[in-house]
Amino acid sequence: MITATFTDGVVLICVIPSKSKTGVYLVKVEPNGDELTVIHRCPAHRFHTMCSHVEKAVACYKQWRWWERPKTVRIESRAVILQPEWEQIPVPGSVQDTALHVLKGDAHAS
């Protein structure tokens with residue numbers, strides 16, 4: 001479950017709790033042409049397996065930017081550090097996000 005999202009207007013940063021609930025992972029999804037670059041550091045990368053954090057963040061990005069064409073996903077294993085200039089936004093697809101779209105009169109509520 002994604003608990004918070006941030007953006008700089010282009011990239012989406014998802015906050016996802018660890019399985020033990022003792023910390024969080026930051027996953028950054030950045031569009032680069034026909035690719036989505038997912039930046040994230042997770043123990044699963046050491047075993048060359050796809051972690052659920054990446055899948056959740058990509059699905060969230062697709063809800064956020066629903067009009068974009070499908071893109072291939074490329075994963076980079078790097079730490080993401082929260083930046084003060086990133087704006088917190090409602091988690092795409094959440095009740096808060098849907099209500100915000102309805103109130104603004106947007107044609108699509110993700």
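The relative contact order of the stretch 4-104, computed from alpha carbon pairs under 8 Å that lie at least 6 residues apart in sequence, is 30 percent. Counting only Cβ charges, +1 for Lys and Arg and -1 for Asp and Glu, the dipole size of the stretch 4-104 around its Cα centre is about 380 debye. A full extension of the chain between Thr37 and Ile81 corresponds to an added length of 14.2 nm, given 0.36 nm per residue minus the alpha carbon distance.
Read-outs: derived from the displayed coordinates by stated rules, not from any lab. Model, not experiment: these values are computed from the prediction. Positions of Cβ are backbone-derived with ideal geometry, glycine not excepted, and every protein chain shown enters the neighbour counts.
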